[in-house]
């Protein structure tokens, strides 16, 4: 089977859960004999929008480079030149099925483009982007958002430059909603890794719940060939809390460090450390975190390898996300290390962690502080949580086999017949943007 994956980026330029998943999935699909192609976006610009082949780790990856500025922004989600280039690319490649993983840095009508050529598309909703112009369902004030995607809910929250009129923004919000609803309605199959995601998307976009299928993501074991330091604290050694992944505001980094700092000021029940693995996404956040942690047992490790996690002697993970997490490979890594965690109540992490996690409300520094204190004060709490660690998700080969069944069914049925978003509507949106920019 000739399969084309489309994503917003790929390794090594971008390193995240989707990129890692695709690397493992593509390797497995090639192993069983499928012809696999990857079309990925990029942060880089070109003078004209173009698709270029690129050699990455011995394989050819096709990169779409857009020519416009701020193309990650919701208001730039549709791009006519990208539409044209992708259609020409699909026409030449003629895949049996297209698997869409993300629209950002591409264009908002990937499923529609494939359907024009009679090619079915499968969508995996790795996140909640199709229901939120801000992408992560975290409002301007940092609150997790569960509102319906609408002008009423989103007008005061969407990212903007400042010169836009309310008329322009309202038009854009409705177009954004309808574009992605159209994509999900048109797809031959829409996959989610956890029911929490389909519940949220159905509630906030008015898409029927039966449009979604649950297919848990695979987990390639990270530490199978590494020597993992035992996870039970012994003697007088410090209890090590740890966070790993990119440190961002929406992941709750600042609340975690503040909570630990408050715990230190009040007096630690036993020696403890907070280890932070990963880069920090802004200079402002970096300065804030270092200032809060100054003089405290907080260790900034920066970019990391899995071998560092294995050897760090971590006793408990902390994942204080503000945003709605649709899966969270960090949770699987945590459990493979044999350690429990503290996580926030929103999204799939809390459900998947079961009784192996202490749950706290997002942004609640006091609750997070008290959760850490409870584990430090009573060693039995850590042992009880550790005993509830669930089985790890299926390996990539099993996931790929299940996914192939979805592909075969999609090819047999073909694209769904759904009315297109009128080109005139997109043109009117561009005119509104142009007029407000000229008049600023």
For segment 232-245, what are the residues that are surrounded by fewer than 17 Cβ atoms within 10 Å (Cβ to Cβ) and either in contact (Cβ under 8 Å) with a residue 60 or more places away in the chain or part of a strand (DSSP E or B) (or both)?
232, 237
Among the residues of segment 351-364, the number that are within 19 Å of the chain's Cα centre (by Cα), over 20 Å from residue 254 (Cα atoms) and buried (at least 21 other Cβ atoms within 10 Å of the Cβ) is 2
Is it the case that segment 309-325 has a residue that's in contact with a helix residue (DSSP H, G or I) (Cβ under 6 Å, 6 or more places away or on another chain) and surrounded by fewer than 20 Cβ atoms within 10 Å (Cβ to Cβ)?
no
Looking at 247, 268, 296, 274, which is the one that is under 24 Å from residue 19 (Cβ atoms) and in contact with a helix residue (DSSP H, G or I) (Cβ under 8 Å, 6 or more places away or on another chain)?
247
Which listed residue is surrounded by fewer than 21 Cβ atoms within 10 Å (Cβ to Cβ), under 27 Å from residue 380 (Cα atoms) and without any contact (Cβ under 8 Å) to a residue 24 or more places away in the chain, from 345, 305
345
Residue under question is residue 333, and the condition is that it be crowded, with 17+ Cβ neighbours inside 10 Å, modelled with pLDDT of 95 or more, within 18 Å of residue 194 (Cα to Cα) and not assigned by TED's automatic domain parsing to the domain that holds residue 130; does it hold?
yes
Residues in segment 96-112 that are more than 13 Å from residue 40 (Cα to Cα) and surrounded by fewer than 24 Cβ atoms within 10 Å (Cβ to Cβ) total 3
Only one residue in 206, 141, 227 is at positive phi and at pLDDT below 95, so which one is that?
206
Taking only segment 50-73 into account, find how many residues are surrounded by fewer than 20 Cβ atoms within 10 Å (Cβ to Cβ) and farther than 22 Å from residue 26 by Cα.
7
Test: residue in segment 167-189 that is free of Cβ contacts under 8 Å to residues at least 24 places away in the same chain, surrounded by fewer than 15 Cβ atoms within 10 Å (Cβ to Cβ) and assigned by TED's automatic domain parsing to the domain that holds residue 416:
no
Would you call residue 257 modelled with pLDDT of 95 or more and either in contact with a strand residue (DSSP E or B) (Cβ under 6 Å, 6 or more places away or on another chain) or not assigned by TED's automatic domain parsing to the domain that holds residue 368 (or both)?
no
For segment 408-440, give me each residue that is in a loop (DSSP other than H, G, I, E, B) and touching a strand residue (DSSP E or B) at 6+ places or on another chain (Cβ under 9 Å).
415
Could we say that residue 69 is part of a helix (DSSP H, G or I) and out of contact with any helix residue (DSSP H, G or I) (no Cβ under 6 Å at 6 or more places or on another chain) here?
no
Test result for residue 137, touching a strand residue (DSSP E or B) at 6+ places or on another chain (Cβ under 9 Å), buried (at least 22 other Cβ atoms within 10 Å of the Cβ) and in the same structural domain as residue 168 (by TED's automatic domain parsing):
yes
Suppose we filter 199, 194 for residues that are closer than 28 Å to residue 332 by Cβ, within 20 Å of the chain's Cα centre (by Cα) and either crowded, with 18+ Cβ neighbours inside 10 Å or not assigned by TED's automatic domain parsing to the domain that holds residue 106 (or both); which single one remains?
194
For residue 286, work out the one condition from (1) part of a helix (DSSP H, G or I); (2) touching a strand residue (DSSP E or B) at 6+ places or on another chain (Cβ under 6 Å); (3) crowded, with 16+ Cβ neighbours inside 10 Å it doesn't fulfil.
(3)
Is it the case that residue 43 is surrounded by 12 or more Cβ atoms within 10 Å (Cβ to Cβ), within 29 Å of residue 133 (Cβ to Cβ) and at pLDDT 95 or above?
no
Which members of segment 258-281 meet the condition of being part of a loop (DSSP other than H, G, I, E, B), crowded, with 17+ Cβ neighbours inside 10 Å and on the phi < 0 side of the Ramachandran plot?
268
Pick from 409, 369, 420: which is closer than 25 Å to residue 217 by Cα and in contact (Cβ under 8 Å) with a residue 24 or more places away in the chain?
409
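The values are calculated or read from the model by the stated rules, or taken from the named source; none is laboratory data. Just so it is clear, the structure is predicted and the values come from calculations on it, not from any experiment. Note that we place each Cβ from the backbone using ideal geometry, even for glycine, and neighbour counts take in every protein chain shown.
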